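The values are calculated or read from the model by the stated rules, or taken from the named source; none is laboratory data. Computed from a prediction, not measured in an experiment: that's the story for all the values here. Note: ideal-geometry Cβ built from the backbone for every residue, glycine included; neighbour counts use all protein chains shown.
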Amino acid sequence: MTTDSHTETDGAAHTSTGLSNNKLGMWLFLGSECLLFGGLISTYMLYRGRVGEGPRPSQVFDIPFTSVSSFVLLMSSLTMVLAVSAAHKGDDRNTYLWTTVTAILGATFVGGQVYEFTAFYNEGMGFTTSLFSSSFYVLTGFHGVHVTVGVIMLMSIVGIMKRSKVPGSKSETVEMIGLYWHFVDVVWIIIFTLIYLIPA
Amino acid sequence: MSNAGYVRIAAILAAITALEVATYYVDLGALFLPSLLIMMAVKFYIVVSFFMHLRYESKMFSWVFYTGLFLAIVVYGIFLATFHFFS
């Protein structure tokens, strides 16, 4: 019987469930995030018609611009899955490349969101203008913060990869960031449809 | 799954997104809302199943994630119904 089997490198193979604790923890976290975003989305749905003196959603939303942003985030999911695939193969060069591309696409999306918020503000839609504007900024802002955290994690893992190789357990780290990133994309899939495409 | 497979899936997702945007400009009448919701659900399923590999992982991960999602839908469905959102 081995007593020293619970090391960081082979933790996945020696848990009571037979599953990686890191991965199980990440899926639990993502499950709880469904409840967080569910609350924010349903609050927006409830208040989207409460515009008061401010502009209506259809007056400020720029569907072509947001469609391009959505496409950028969708493609970042492709580059992320290519990074995870390369990490599992121990292909450091492609892991580094696709992770960097994902971070750039994520930063582009966040930049687009900052531009969009600025345009909305200039059109008279401030944070406290109406219940619609408050719930909109909280929801999309929260998502934007998630994307920003994802970009920071991606840039951090790129920095780590520059110092050491990525095979074995480190590939799971890339996979964890990948799960988070895809979830952020999935949330945007819902936001884009329910908030932007379906008029109030 | 191969990298080419991932690219094919991304192309499908991009095509569905293009269809979604098209429905915003084309008058589909009563089909507008159901078609958008179906396309949203399909995109959600594709990303979770193939990009997040949930389809190929342990069933426990699926239970953990979909339980959170199911709870969110039920809890906030009741929340919206309480405030007469659907009427």
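Of all the residues that make up the stretch B:49-87, how many are under 30 Å from A:Thr173 (Cα atoms), buried (at least 16 other Cβ atoms within 10 Å of the Cβ) and within 7 Å of another protein chain (Cβ to nearest Cβ)?
Residues in the stretch B:49-87 being under 30 Å from A:Thr173 (Cα atoms), buried (at least 16 other Cβ atoms within 10 Å of the Cβ) and within 7 Å of another protein chain (Cβ to nearest Cβ): 9 in total.
Whether any residue in the stretch A:76-93 is more than 14 Å from chain B (Cβ to nearest Cβ) and under 19 Å from the mean Cα position of the chain (by Cα) is what I want to check.
no
For the structure I just gave you, tell me whether B:Ala11 is surrounded by fewer than 17 Cβ atoms within 10 Å (Cβ to Cβ), more than 10 Å from every other protein chain (Cβ to nearest Cβ) and at negative phi.
Working: surrounded by fewer than 17 Cβ atoms within 10 Å (Cβ to Cβ): yes; more than 10 Å from every other protein chain (Cβ to nearest Cβ): no; at negative phi: yes.
Answer is no for this residue.
With respect to A:Phe142, is the statement that it is crowded, with 20+ Cβ neighbours inside 10 Å, out of contact with any strand residue (DSSP E or B) (no Cβ under 9 Å at 6 or more places or on another chain) and touching a residue at least 12 places away in the same chain (Cβ under 8 Å) true?
Values: crowded, with 20+ Cβ neighbours inside 10 Å: no; out of contact with any strand residue (DSSP E or B) (no Cβ under 9 Å at 6 or more places or on another chain): yes; touching a residue at least 12 places away in the same chain (Cβ under 8 Å): yes.
The answer is no for A:Phe142.
So which residues in the stretch A:24-42 are more than 7 Å from chain B (Cβ to nearest Cβ) and either in contact with a Pro (Cβ under 8 Å, 6 or more places away or on another chain) or not aliphatic (A, V, I, L, M) (or both)?
Within the stretch A:24-42, A:Gly25, A:Phe29, A:Glu33, A:Phe37 meet the criteria.
With respect to B:Ala22, determine if the residue is under 17 Å from the mean Cα position of the chain (by Cα), without any contact (Cβ under 8 Å) to a residue 40 or more places away in the chain and either closer than 15 Å to A:Leu30 by Cβ or in a helix (DSSP H, G or I) (or both).
No, not satisfied.
Somewhere in the stretch B:27-47, is a residue within 17 Å of A:Leu82 (Cα to Cα) and modelled with pLDDT under 90?
Just the residues of the stretch B:27-47 that are within 17 Å of A:Leu82 (Cα to Cα), to begin with: B:46-47.
Adding the requirement that they be modelled with pLDDT under 90 leaves none.
Among the residues of the stretch B:27-47, not one is within 17 Å of A:Leu82 (Cα to Cα) and modelled with pLDDT under 90, which makes the answer no.
From the list A:Tyr47, A:Tyr115, which residue is within 14 Å of chain B (Cβ to nearest Cβ) and aromatic (Phe, Trp, Tyr)? Write out each step before concluding.
Details: A:Tyr115 fails: within 14 Å of chain B (Cβ to nearest Cβ).
Sole residue among the options that is within 14 Å of chain B (Cβ to nearest Cβ) and aromatic (Phe, Trp, Tyr): A:Tyr47.
Just wondering, is there one or more residues in the stretch A:155-163 that are basic (Lys, Arg) and farther than 27 Å from B:Glu57 by Cβ? Write out each step before concluding.
Taking the stretch A:155-163 first, the residues basic (Lys, Arg) are A:162-163.
Among the residues that remain, those that are also farther than 27 Å from B:Glu57 by Cβ are: A:162-163.
Yes - at least one qualifying residue is present in the stretch A:155-163.
Given the structure, is A:Val72 closer than 18 Å to A:Val187 by Cα, surrounded by fewer than 19 Cβ atoms within 10 Å (Cβ to Cβ) and in contact with a Gly (Cβ under 8 Å, 6 or more places away or on another chain)? Steps first, please.
Working: closer than 18 Å to A:Val187 by Cα: yes; surrounded by fewer than 19 Cβ atoms within 10 Å (Cβ to Cβ): yes; in contact with a Gly (Cβ under 8 Å, 6 or more places away or on another chain): yes.
When the stated conditions are applied, A:Val72 passes them.
Select the helices (runs of 4 or more DSSP H) contained entirely in the stretch A:52-130, then report the ones holding at least 1 residues which are closer than 30 Å to A:Ser164 by Cβ. Talk me through it step by step, then tell me what you get.
Working: elements: A:57-60, A:63-88, A:92-122.
Because the criterion is at least 1 residues that are closer than 30 Å to A:Ser164 by Cβ, the helices (runs of 4 or more DSSP H) in the stretch A:52-130 that meet it are A:63-88, A:92-122.
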